[in-house]
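Note sheet for the following structure.
Nothing in this text is a laboratory measurement; each read-out follows from the coordinates by a stated rule. The structure presented is a predicted model; accordingly, all values stated were derived computationally and were not measured. Cβ atoms come from the backbone with ideal geometry, glycine included; neighbour counts cover every protein chain shown.
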Amino acid sequence: MNTIKQISDRVFMLASLNAGSNVYLINDEKPVLIDTSLSLNSVKLNELLSKANLSKQDIAFVLHTHGHADHWGNSFEFSAQQNFMHKLDAELVNSERDDFAYASLYHLKNWPKIGNKFEGEQILNLGETKLHVLLTPGHTAGSVSFYLPELKFLFSGDTVFSEAAVGRTDVLSGNFDSLKESVLKLSKLEIEALFPGHWKELVSLKANQENFRQIFSNLNLGSGR
Ligand SMILES: [Zn+2]
């Protein structure tokens with residue numbers, strides 16, 4: 001089964017078939033990875049890069065949706081200055097807080113150093129691509145999502161998934177009320193394709209609207225948008 005997919009001219013996906021997160025590659029002037037999964041997917045990660053004729057040295061930035069280890073298992077191979085994460089999660093990762101990140105659960109020994117910290121919302125200029133960093137706390141206090149307005153692609157980390165599911169909040173710095181706010185916020189975007197941190201992507205505006213409707217009813221949020 002092929003787990004590496006080209007989604008658009010510039011966007012590639014490593015669909016993880018195990019506990020490691022999905023990994024996304026946006027191949028523009030400044031190529032970026034979104035999350036790096038677990039070390040057991042390091043070979044697949046190299047295949048993802050090869051698919052776009054890139055190697056690790058070509059990657060400008062590694063952007064993390066949040067600080068759980070299943071999303072950063074290969075990030076130690078990139079320098080602190082390449083690694084980005086929201087500061088609330090980055091501080092816990094930089095101080096190797098295993099009760100937050102669960103590195104030992106995933107048998108990871110190599111913690112990354114995060115040199116760049118998101119604070120507010122911002123737009124990252126990758127060349128043609130303008131990637132919007134959205135604050136979506138709840139699963140963790142420093143969870144972020146990434147949005148590509150031109151393509152209406154949302155990379156949602158562990159905030160929302162494609163099967164009407166949301167991230168768990170019974171973890172350190174998790175907060176269910178914040179998660180609900182974040183889901184409401186994301187539901188107001190036009191989303192042509194949802195690329196979550198785990199499991200399948202969801203393509204089509206209508207399918208995504210239906211997905212949010214399901215999430216709202218599961219969370220007792222009323223009709224939402
Ligand atoms: Zn997580």
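Quick check on the exposure proxy: order Leu154, Leu202 from fewest to most C-beta atoms within 10 angstrom. Show your work: numbers first, answer last.
Values: Leu154 26, Leu202 22.
The order, fewest Cβ neighbours first, is Leu202, Leu154.
Across Val62, Val171, Val32, mean-square fluctuation computed from a Gaussian network of the chain (C-alpha pairs under 10 Å connected) peaks at Val171. Where only DSSP H runs of four or more residues are counted, the chain gives -6000 deg cm²/dmol as its mean residue ellipticity at 222 nm, each run worth -39500 (n - 2.57). Need one word for the stretch 131-176: rounded, prolate or oblate. Basis is the Cα gyration tensor (sqrt eigenvalues a ≥ b ≥ c); a/c below 1.5 gives rounded, then a/b vs b/c decides. Note, shape of the stretch 131-176 comes out oblate. Electrostatic bookkeeping for Asn41 treats Lys and Arg as +1 and Asp and Glu as -1; over the other residues with beta carbon under 12 Å from its beta carbon, the sum is -2.
Exceeding 21 Å between C-alpha atoms, which entries from my cross-link table qualify? They are Lys87/Lys113; Lys30/Lys130; Lys56/Lys200; Lys87/Lys188; Lys5/Lys185. Listed pairs above 21 Å: Lys56/Lys200; Lys87/Lys188; Lys5/Lys185. Distances between placed amide hydrogens fall under 5 Å for His86 paired with Phe118, all partners being 5 or more residues away or on another chain. Sorting Met13, Met85 by the number of Cβ atoms found within 10 Å of their own Cβ, with the fewest placed first, yields Met13, Met85.
Close amide H partners of Thr36, meaning residues 5 or more places away or on another chain with modelled amide H under 5 Å apart, are Trp72, Gly73, Asn74.
Indicate the gyration tensor shape class of the stretch 92-139 (rounded, prolate or oblate), computed on the Cα atoms with a ≥ b ≥ c the square roots of the eigenvalues: a/c under 1.5 is rounded; otherwise a/b larger than b/c is prolate and the rest oblate. Verdict is prolate for the stretch 92-139.
Extent along the principal axes, Cα only, for the chain: 46, 39, 35 Å, with the longest axis given first.
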